[in-house]
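Colleague: Take a look at this one; I'll ask things after.
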Amino acid sequence: MTVFELSNLVVLPFWALMVLAPTWHVTRRIIASPWIVAPPALLYVIAIVPGLDIIFPEVVNPQQARIASLLGTPTGATVAWAHFVALDLFAGRWIYCDSRSRQYSPFWVSPLLVLTLLLCPIGLLIYLAART
């Protein structure tokens, strides 16, 4: 199994709990820990370290064509995907915890969590707008 595939597997149980069982006491206890983002973050580290000599100069001095070229490789796509799933989970966890503390209905938060899983910045923006 590749890092790309593993990155999906390690986050999906947390998303399933937040979306499908948001009020379950087990979900609340598990998602309360910020450490749930550690497994996908660790996979990111595993993916990036072997290519750090190539990746680091590109992120320090980003140029669109060079970043596009880097992301067009299997390593670049894996690193980017691991980055996405780790930070998407972090944002989703924050939405979940914030919405539970505000006692928002899971009926409208759960679809936003799905949107956050798929298109994180859009789900996050909608949640931020809705909570104000």
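Colleague: Between L118 and R29, what FRET efficiency comes out of the Förster formula 1/(1 + (r/R0)^6) with R0 = 30 Å and r the beta carbon distance, rounded to 0.05?
Modeller: Between R29 and L118 the formula returns 0.70.
Colleague: Rounded to the nearest 10 degrees, what's the angle between the helix 3-20 long axis and the longest principal axis of the chain, both from Cα atoms, 0 to 90?
Modeller: Tilt relative to the chain: about 10 degrees.
Colleague: Could you please report the charge total around L12, scoring K, R as +1 and D, E as -1 over all other residues with beta-carbon less than 13 angstrom from its beta-carbon? Don't skip to the end; give the middle numbers.
Modeller: On the way: positive: none; negative: E5, D88.
Around L12, the charge tally is -2.
Colleague: Please give the calculated 222 nm ellipticity per residue for the chain, where each DSSP H segment of at least 4 residues contributes -39500 (n - 2.57) and the sum is spread over every residue; nearest 500 deg cm²/dmol? Intermediate results must be reported in sequence, preceding the final value.
Modeller: Values: 8 runs with 106 residues, N = 132.
Taking each H run of at least 4 residues, the total per residue is -25500 deg cm²/dmol.
Colleague: Shape of the stretch 50-106 from its Cα gyration tensor (a ≥ b ≥ c, root eigenvalues): rounded if a/c is under 1.5, otherwise prolate when a/b > b/c, or oblate? Intermediate results must be reported in sequence, preceding the final value.
Modeller: Numbers: a/c = 3.55, a/b = 3.17, b/c = 1.12.
Prolate is the answer for the stretch 50-106, as a/c is 1.5 or above and a/b outweighs b/c.
Colleague: Please give, to one decimal in nm, the separation of the simple spin-label points placed at L125 and A16, each 7 Å out from Cα toward the Cβ.
Modeller: The two pseudo-label positions are separated by 3.1 nm.
Colleague: Roughly to the nearest percent, how much of the accessible area of the chain is carbon and sulfur, given a 1.4 Å probe? All intermediate terms of the calculation are to be shown ahead of the outcome.
Modeller: Numbers: 5740 of 7850 Å².
Taking all protein chains in place, the chain shows 73 percent carbon and sulfur surface.
Colleague: Any idea of the accessible area per residue across the chain, 1.4 Å probe, to the nearest Å²? Let's see the in-between values first.
Modeller: On the way: 7850 Å² over 132 residues.
Value for the chain: 60 Å² per residue.
Colleague: Taking R0 as 25 Å, what's the FRET efficiency between Q63 and M1 from their Cβ-Cβ distance, rounded to 0.05?
Modeller: Values: r = 33 Å, r/R0 = 1.34.
So the FRET efficiency works out to roughly 0.15.
Colleague: Mind listing the phi-derived Karplus ³J(HN,Hα) values for the stretch 105-119, rounded to whole Hz, using 6.51, -1.76 and 1.60 with θ = phi - 60°, and x for any glycine or proline?
Modeller: With the stated coefficients, the stretch 105-119 comes to 5, x, 5, 9, 7, 4, x, 5, 5, 4, 4, 5, 4, 7, 9 Hz.
Colleague: Separate question: Tell me the net charge near G92. Cut-off is 15 Å between Cβ atoms, G92 excluded, with +1 for each Lys or Arg and -1 for each Asp or Glu.
Modeller: Details: positive: R28, R93, R100, R131; negative: D88, D98.
For residues surrounding G92, the net value is +2.
Colleague: For W94 and T73 in one chain, what is 0.36 nm times their gap in residues minus the Cα-Cα distance, to one decimal in nm? All intermediate terms of the calculation are to be shown ahead of the outcome.
Modeller: Details: separation 21, 0.36 × 21 = 7.56 nm, distance 3.14 nm.
Fully extending the segment from W94 to T73 adds 4.4 nm.
Colleague: Let me ask something else about it. Taking 8 Å as the Cα distance limit and 6 or more residues as the minimum spacing, I'd like the relative contact order of the chain as a percentage. Numbers along the way, then the final one.
Modeller: Details: 116 pairs, mean separation 41.4, N = 132.
Dividing the mean separation by the residue count of the chain yields 31 percent.
Colleague: With θ set to phi - 60° and the Karplus curve 6.51 cos²θ - 1.76 cosθ + 1.60, what are the ³J(HN,Hα) couplings of the stretch 74-84 in order, to the nearest whole Hz, using x for Gly and Pro?
Modeller: Going residue by residue, I get x, 5, x, 5, 5, 4, 4, 5, 4, 5, 4 Hz, with x marking Gly and Pro.
Colleague: For the stretch 1-101, report the translational diffusion coefficient in µm²/s to the nearest whole number, using Stokes-Einstein at 4 °C, 1.567 mPa s, and a Kirkwood Rh over Cα pairs.
Modeller: Numbers: Rh = 14.7 Å.
The diffusion coefficient I find is 88 µm²/s.
The values are calculated or read from the model by the stated rules, or taken from the named source; none is laboratory data. On a predicted model such as this, the values are computed, not experimentally measured, just so you know. No Cβ is skipped: glycine too gets one built from the backbone with ideal geometry, and neighbour counts run over all protein chains shown. Please note that ligands, DNA and RNA were not included when accessible areas were found on the heavy atoms of the full protein model with its side chains. Shrake-Rupley method; radii C 1.70, N 1.55, O 1.52, S 1.80 Å.
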